[in-house]
Structure formats: structure tokens, C-alpha cells
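Accompanying notes for the structure given below.
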Amino acid sequence: MPYNAASQAYKQAENIGLAEVTNPHEIVQTLFNELIKSMSLFEKSFDDKKSSEIRSSSFARSLTIIYSLQSSLDFEKGGDISNNLFRIYEYSRQQLINDLKNGKPDGVSNAIHIIKEIADAWNQIADEVKK
């Protein structure tokens, strides 16, 4: 998997300290955590009409992370799993765009829920590897 490309793309957009993270599994965990945080900030920004700056930055950050996750997929080795993950990431991207266009968070909460499930599964894999 091209984890370095995903890490580089994300670090260029937002500096969250991925430079210290060298384990590919940890990089993806960090991306999931940051995506959930950014999407949640985006969702909450609709509660306050004055938070358009937060909405804009969390929207951009979410899209950057989604792109990083999509570009880290290895379709040759991952097969159906990679294809399904790509679709989920694309769905999440579309929900962000639609909610921004519509001015209300209708779809992003469902996307956050799905991403949390994937992140939980990814964390369980890490726990199993450590054992």
C-alpha cells in the first residue's frame, strides 16, 4: 500500500504530527481519528451560523483525509475489500459535499457512523497484531 503517499498528502494539508508515525497501521489509525474529528466538527458547525470558518476548514480537512485514505488503497492485493472501502470513502465525500451545498448536515452523521465502524475494526486488527 502506498502509505507514504497518503501520509505525505495529508501532512502537506494539515500538520498533525504524522512525521513521528512510521508504522503504516498507525498512520491509517491516525487518519481515521482525524477524519472522525474533522467530520464531527463539520457537522457541529451547522449549529452556529457564525462558524463558517470552522465549517470550511473541517470540510477541506475531511476531504483531504478521505483522499489520503483512498490513495492508500491497494486494489491489486485488497480486491473486494479495497473496492468496498473506496466506495465508503466516496460515499462519505459525497455526503460532505451535499451537506455543504444544502447548508444542513443531513448525510454526514451517517457517514461518520460508518467511518467509526471501520476505524473500530481497524483498531481491533491492531490489537490482534500486538498479541
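The values are calculated or read from the model by the stated rules, or taken from the named source; none is laboratory data. Computed from a prediction, not measured in an experiment: that's the story for all the values here. Using ideal geometry, Cβ is built from the backbone for each residue, glycine included, and neighbour counts are taken over all protein chains shown. For accessibility, only protein heavy atoms count, side chains too; no ligands or nucleic acids. Shrake-Rupley method; radii C 1.70, N 1.55, O 1.52, S 1.80 Å.
Going by the conditions given, is Ser109 touching a residue at least 24 places away in the same chain (Cβ under 8 Å) and either crowded, with 18+ Cβ neighbours inside 10 Å or acidic (Asp, Glu) (or both)?
For Ser109, the condition - touching a residue at least 24 places away in the same chain (Cβ under 8 Å) and either crowded, with 18+ Cβ neighbours inside 10 Å or acidic (Asp, Glu) (or both) - is not met.
Within the set of pairs 6 or more residues apart or between chains, which connect a residue that is part of a helix (DSSP H, G or I) inside region 71-91 to a residue that is among the aromatic types (Phe, Trp, Tyr) and open to solvent by 80 Å² or more (accessible area, probe 1.4 Å) with Cβ atoms less than 6 Å apart?
Ser82/Phe75
Do you know which of the residues in region 44-95 that are under 17 Å from Ile112 (Cβ atoms) and either aromatic (Phe, Trp, Tyr) or loosely packed, with under 12 Cβ neighbours inside 10 Å (or both) is farthest from the chain's Cα centre (by Cα)?
So the residue we want is Asp47.
Within region 5-23, does at least one residue satisfy the condition of being out of contact with any Ser or Thr (no Cβ under 7 Å at 6 or more places or on another chain), assigned to a helix (DSSP H, G or I) and modelled with pLDDT of 75 or more?
Looking for residues that are out of contact with any Ser or Thr (no Cβ under 7 Å at 6 or more places or on another chain), assigned to a helix (DSSP H, G or I) and modelled with pLDDT of 75 or more, one finds none in region 5-23, hence no.
Can you give me the number of residues within region 98-131 that are touching a helix residue (DSSP H, G or I) at 6+ places or on another chain (Cβ under 8 Å), within 14 Å of Met39 (Cα to Cα) and part of a helix (DSSP H, G or I)?
Total meeting the criteria: 11.
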